[in-house]
1. Write down, largest first, the equivalent ellipsoid semi-axes of the stretch A:14-63 in whole Å, where each equals the square root of 5 times an eigenvalue of the alpha-carbon gyration tensor.
2. Read phi for every residue in the stretch A:25-37 and hand back ³J(HN,Hα) as whole Hz from Karplus 6.51 cos²θ - 1.76 cosθ + 1.60, θ = phi - 60°, with x for Gly and Pro.
3. Can you give me the relative contact order of chain A as a percent, contacts being Cα pairs under 8 Å and 6 or more apart?
4. First select every other residue whose beta carbon is under 9 angstrom from the beta carbon of residue A:88; then total the charges, Lys and Arg +1, Asp and Glu -1.
5. So which of B:56/B:100; A:57/B:100; B:70/B:108; B:2/B:42; B:2/B:70 end up more than 20 Å apart, counting from Cα to Cα?
6. With contacts defined as alpha carbon pairs under 8 Å and 6 or more residues apart, what's the relative contact order of chain B in percent?
7. With unit charges on the beta carbons (Lys and Arg positive, Asp and Glu negative) and the dipole taken about the Cα centre of chain A, which residue among A:14, A:27, A:105 sits farthest to the positive side?
8. Working out 0.36 nm times the residue gap between residue B:7 and residue B:39, then minus their Cα-Cα distance, what length gain in nm do you get to one decimal?
Amino acid sequence: KAGVTQTPRYLIKTRGQQVTLSCSPISGHRSVSWYQQTPGQGLQFLFEYFSETQRNKGNFPGRFSGRQFSNSRSEMNVSTLELGDSALYLCASSLSRAGGLGGEQYFGPGTRLTVT
Amino acid sequence: QKEVEQDPGPLSVPEGAIVSLNCTYSNSAFQYFMWYRQYSRKGPELLMYTYSSGNKEDGRFTAQVDKSSKYISLFIRDSQPSDSATYLCAMRDNSGGYQKVTFGTGTKLQVIP
C-alpha cells in the first residue's frame with residue numbers, strides 16, 4: 001500500500017508570496033492533518049480535515065488555510081509569506097479521527113519551505 | 001507550561017544498552033498515547049500506540065503509560081545504531097471538540113557502535 005505523499009518536497013519562496021502544498025493520504029484514509037515542524041517549536045498542529053470538513057484548528061493566523069477534496073487529498077495554503085514560515089510542513093493521514101481509536105497517524109516525508 | 005514535556009537530549013548510549021525515553025503531561029484528559037521515531041530529513045514514523053495504562057510490548061520496544069502520574073515512557077532493549085533518531089511522544093484527549101494530537105518536542109538519541 002502506498003504511503004502518504006507530499007508535493008513538492010522542497011520549495012523556496014520570497015516574503016509576501018503565497019504557496020500551496022499538496023498531500024495525498026494513504027488509500028482509504030479519511031483524515032488528513034497538517035503540522036509545522038521547526039527546530040525551536042517542534043511539531044505544531046495546524047488543522048485536521050475529515051470527510052472534507054475542517055474538524056480542528058491550531059493556533060495559527062488566518063494566513064494558513066487548507067481544504068480537503070472528495071478523494072481525501074488535501075491542500076494547504078499560506079498567503080503573504082513571512083520569514084518565520086520557513087519550516088518543514090508535514091501531512092499525516094489516518095483512517096478515522098486523528099489520534100483516537102483507529103486513528104493512528106501516518107506521516108508523509110514533508111515539504112521543506114524556505115522563505116527568503 | 002507546555003501540555004507535554006519531553007527532555008530534548010541528546011541522549012548518547014553504547015550499542016546494546018537499554019534506553020528509556022520519557023514524557024510528562026499536564027492534561028488529565030489525554031486518552032491516547034503514541035511514540036514516533038523521526039530520522040533526519042524524514043517524516044515521523046509511528047512506533048507504538050496505546051490507550052490504556054500499563055505496558056505494551058512490540059519487539060525491542062515497550063511503551064509504558066502511568067495515567068495517575070501523567071507519565072509515559074518508551075523503552076528500547078538491545079539498542080542498535082539504526083535506532084539513532086529523534087523520538088517524539090504524542091497524545092490526544094477525548095474531551096469535547098478539542099481532539100487534536102499534541103506532540104512533545106522530541107528526544108534525540110544516538111546509539112554508539
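Derivation of every value follows stated rules applied to the coordinates shown; laboratory data play no part. All figures in this text were calculated on a predicted structure; none of them were measured in a lab. Cβ placement follows ideal geometry from the backbone for every residue including glycine, while neighbour counts extend to all protein chains displayed.
1. On the way: eigenvalues 92, 39, 30 Å².
Equivalent ellipsoid of the stretch A:14-63: 21, 14, 12 Å, largest first.
2. With the stated coefficients, the stretch A:25-37 comes to x, 4, 3, x, 7, 10, 9, 10, 10, 10, 9, 10, 10 Hz.
3. Numbers: 305 pairs, mean separation 41.2, N = 116.
Across chain A, relative contact order equals 35 percent.
4. Numbers: positive: A:112, B:41; negative: none.
Residues close to residue A:88 contribute a combined charge of +2.
5. Working: B:56/B:100 23 Å; A:57/B:100 8 Å; B:70/B:108 22 Å; B:2/B:42 25 Å; B:2/B:70 13 Å.
The answer is B:56/B:100; B:70/B:108; B:2/B:42.
6. Values: 271 pairs, mean separation 42.2, N = 113.
Relative contact order for chain B comes out at 37 percent.
7. The one lying farthest along the dipole's positive direction is A:27.
8. On the way: separation 32, 0.36 × 32 = 11.52 nm, distance 1.75 nm.
Going from the current span to full extension adds 9.8 nm.
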